[in-house]
There are 2 protein chains.
Amino acid sequence: MRNWSMIERFSETFRQNPSLSRLLVVFTVSGGGLVAYSEANSSNSEVKIPSPEVVSRKKKVVVLGTGWAATSFLKNLKNSSYDVQVISPRNYFAFTPLLPSVTCGTVEARSIVEPIRNIVHKKNIDIHYWEAECFKIDAENKKVFCRSSKDGKLNGNEEIVVDYDYLVVAMGARANTFNTPGVEENCLFLKEVEDAQKIRRTVIDCFERASLPKMTDAERQKVLQFVVVGGGPTGVEFAAELHDFVSEDLVKLYPKVKDFVKITLLEAGDHILNMFDKRITVFAEEKFQRDGIDLKTGSMVVKVSDSEISTKEIKNGQISSIPYGMVVWSTGIGTRPVIMEFMKQIGQANRRVLATDEWLRVERCNSIYALGDCATINQRKVMEDISAIFSKADKDRSGTLTVKEFQDALDDICERYPQMQLYLKNKQMSNLVDILKESKGDVAKEAVALNIEEFKLALSQVDFQMKNLPATAQVAAQQGAYLANCFNRMEKCEKNPEGPLRYRGEGRHTFRPFRYKHFGQFAPLGGEQTAAQLPGDWVSIGHSSQWLWYSVYASKLVSWRTRALVVSDWGRRFIFGRDSSQI
Amino acid sequence: MRNWSMIERFSETFRQNPSLSRLLVVFTVSGGGLVAYSEANSSNSEVKIPSPEVVSRKKKVVVLGTGWAATSFLKNLKNSSYDVQVISPRNYFAFTPLLPSVTCGTVEARSIVEPIRNIVHKKNIDIHYWEAECFKIDAENKKVFCRSSKDGKLNGNEEIVVDYDYLVVAMGARANTFNTPGVEENCLFLKEVEDAQKIRRTVIDCFERASLPKMTDAERQKVLQFVVVGGGPTGVEFAAELHDFVSEDLVKLYPKVKDFVKITLLEAGDHILNMFDKRITVFAEEKFQRDGIDLKTGSMVVKVSDSEISTKEIKNGQISSIPYGMVVWSTGIGTRPVIMEFMKQIGQANRRVLATDEWLRVERCNSIYALGDCATINQRKVMEDISAIFSKADKDRSGTLTVKEFQDALDDICERYPQMQLYLKNKQMSNLVDILKESKGDVAKEAVALNIEEFKLALSQVDFQMKNLPATAQVAAQQGAYLANCFNRMEKCEKNPEGPLRYRGEGRHTFRPFRYKHFGQFAPLGGEQTAAQLPGDWVSIGHSSQWLWYSVYASKLVSWRTRALVVSDWGRRFIFGRDSSQI
């Protein structure tokens, strides 16, 4: 995470002088070429095959997935006392924030992927990768059942059963259709690299079909009606990319049909980009209006047939239909079937998402961890543990908490229940003692003492600060790094626990719980304009944040290869435009 | 074709100083970027829509295909008095000589393609492109029937019927399976861009399957047995590329299975690359042996099942089977079904390939031209026209030809029957009079006079010089340029014919017949070694000709965009190696 904080520090400088960021991109890449070349040539192709007894002594870690969380875990794992097996149907890591750029050829698909074997093969740890898809987790017997995704030609070898000591579930999510009829069959999604490639082919296909000589104007209009469902960052970025692709490149090559093109963005809420600052939402909506992108908010999709998409106005319930050429569905994420099956098995059947504790451990399964989009952290409420907190803090068993007692317990409470810290920050209080004082009125500091009921009352608002983490690459990457760090220090920390006090039990937790640090978010809006919302509610919109976006994304890419490729793709697009060959 | 002759002149210089060619590549591209950028920005996106009566007066030219022949025709067409419609299921031109490089990711697929609309849209001619596939040619009513390749969603609009005044058939060929059972179902081909992409995915797939934990060594051996059928330039280049991919990149990432990899090249003839100079064949065979590529010559494929390929030794008829992971079939070309149907219609049912005359006109169809891989020129034999030639040359009707008469007729005969010129060249004679002298013995030049029987005898060997042109990009491109040149000067030449004398008729032919000029051929052999055979039987093998190959291919690419892309792909590969992500 070092790069992010560096960027953070530099961001102010960049805002004042955008050409600085341009230089950063250039240096990042030209320097990278040399480094990568020397790395590639010095890489040792020999492999140490460990003797069987060494392997058997090592703890077996099975990682499911090769996305942000899994890759970040593997990159940060440094302890060689594990035998790691990575299982995923995709033998590569994809830099998903650039997927919308791939849909229109601003960036090539291959530029944003890196083979997982490339990422792990230089490490001094036994990491094996199997290209297979997990279809069943057996928590009781500590086994995962996987199937090689290749059909046939394997004579029954396509099923693999793998034992584990620790299981890291990082399989990501699938697109959420909300069970809307026809979506699965007729819409395109934007989750995987293949999806982006398919969208690219379909866009060109629509233009070619509209150009056929026998088409009527009405048919042309239908074929060139592009519908994007979902006004989140992905949907908005895709709509903007598509608009740029059409207006910068395709109009030149398809002049006869250019007037029939229409891009419609459907959003069920009142505004697009509603997780962003209001200034960004307003800017984006105004920009889309200027660009001629048809924005329909408050409009819910109820059905998609093979030629029409039906929407319902949330205000008045009115149903209307739009004949379309292509629909891209981007309305958030849903749980994969294998995870749902697993949830039933472990008694989480009534939940919508797999729940973990603050240490990313799946509830009721000590040796299974889940991170990234496939799980959420079920944060412990202060109110659930309030009596235990009180009695642990009340060291002299007096039945009341004094300021001294409270101050001693403060760090542990804040560490175990992060909502407490948030509560203080939002109320602009410097520490927990202020809470006590607030609830007791304006008395002298030393005289403050609360009984259990007063304590409950003082903390009654704290749990409202709890929020689920967003399903972003940033969260997944931080979780992966956090878990790797725990695995790296497992032995040490089991001897000397470093976590907060246990309130429902004895001693301390082995590790500090996971804490997410938000470094800001981008929303590219097309036409070299990007909105950026950085920590401290600092908002920047326009060309300079586009260059900041270029710099951050270039620096966050997983390898020097992808870095050079993506930057050269940007250069290509700048010079030659985007390619419209249908491959 | 200007670049080729320039290259020819420079090639000797390059041989002495290979770094010169490296510089050429660099300059070609860095300069190109600027040119392309200014071109891209100055390109006029307005389109002139001609008024209907202008269109109706124009002759309609329909071009089937977007390959080498069709694209070369379109690029060279300059006469704006035609209304041109291009129909092809591929909306791009692909630089096919680099297809073997795409199979292993040395070059990206998108780097070697250029949208056909991009190629034609800057021209001052009405050129329209429809993405559709021709399924029937109706020569009698001058119509072609096409189907938009997109299935469904077009409500019966997928069929297009197009009228033409002139039809240019340039649809290329399909892979020739020689009706070997199982080839169609189980083998991969190397004709289209999609084929190359599929091969790339399959290679990685084989390595992933071999890496699965449950596989036995025998199964690993089978999955990593790559078979290439056909020892022509494409098959040899692919085998070499695959060997480089495995030994330079994949062994690092799949160390546990590297020893199971085997590449086998099957060739029915006695040697690979048999159209090349013997020195090249020997070098290639020795290099393959050093590289560990298993070369089986004299071995014919008789059957391909889903797991084994069966071959028959031509020497002793012995049948043997090889279990395989992937078979790439590259044994030459066959005729497409729509062309076969058309041949039946015009009375060429007994031929294997569509025949044209020396002016690329389909025999018995005056307004249909066929070029590239879908047709061959059926060269007229001297012996068929011998009496007509004799009587046209015998101006004084004396019944004998004198030296004077013969010399006067000489240019016309040589132009109409190119085999005559070849015969003279190969016999090292300076002109036709030498033929007469040879057949009459050593008499004085003026005394030579032949009657018809003596004349027949003198020319009896001439027709043995006739050879079919190879099915290469070079031939197709020259044919396209030739035909465009005819179309450019159609009106002028119909008034003042410039072709040779008609022997079976009156007057002269409208145009000079097509003549192929061979500029040499490359055979890349892997490991930065290329064999080059240039005109005058100049043979060069090794690193220097690899750089000549880089230079020539970079300069022959269709646009500055593809040029920059291919060269940067080469650079990427040099620095970062080839990517092994399965996308």
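Summary of computed values
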read-out	value
Selection status of B:LYS256, part of a loop (DSSP other than H, G, I, E, B), within 14 Å of chain A (Cβ to nearest Cβ), at negative phi and free of Cβ contacts under 8 Å to residues at least 60 places away in the same chain	yes
Test: residue in the range A:551-563 that is touching a Pro at 6+ places or on another chain (Cβ under 9 Å) and either among the basic types (Lys, Arg) or at pLDDT below 90 (or both)	yes
Residues of the range B:489-539 classified as surrounded by fewer than 16 Cβ atoms within 10 Å (Cβ to Cβ) and on the phi > 0 side of the Ramachandran plot, total	5
Residue check for B:ALA210: surrounded by 18 or more Cβ atoms within 10 Å (Cβ to Cβ) and either away from chain A (no Cβ under 14 Å) or at pLDDT 95 or above (or both)	no
A:GLU308 being acidic (Asp, Glu), surrounded by fewer than 13 Cβ atoms within 10 Å (Cβ to Cβ) and more than 26 Å from the chain's Cα centre (by Cα)	no
Residue list for the range B:347-375, filter: farther than 18 Å from B:ALA484 by Cα and in contact (Cβ under 8 Å) with a residue 24 or more places away in the chain	B:LEU354, B:CYS365
Test: A:GLY325 is among the small types (Gly, Ala, Ser) and surrounded by fewer than 19 Cβ atoms within 10 Å (Cβ to Cβ)	no
Residues of the range A:455-472 satisfying the condition of being touching a Pro at 6+ places or on another chain (Cβ under 9 Å) and outside any helix (DSSP H, G or I)	A:MET466, A:THR472
Enumerated strands (runs of 3 or more DSSP E) restricted to the range A:76-139, each holding at least 1 residues that are over 26 Å from A:VAL327 (Cβ atoms) and within 8 Å of another protein chain (Cβ to nearest Cβ)	A:92-94, A:113-115, A:126-131
Residue in the range A:163-181 that is part of a helix (DSSP H, G or I) and closer than 30 Å to A:VAL86 by Cβ present	no
Within the range A:34-75, tally of residues that are at pLDDT below 90 and in a loop (DSSP other than H, G, I, E, B)	10
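The values are calculated or read from the model by the stated rules, or taken from the named source; none is laboratory data. Worth saying up front: this structure is predicted, and the values here are computed from it rather than measured. Cβ atoms come from the backbone with ideal geometry, glycine included; neighbour counts cover every protein chain shown.
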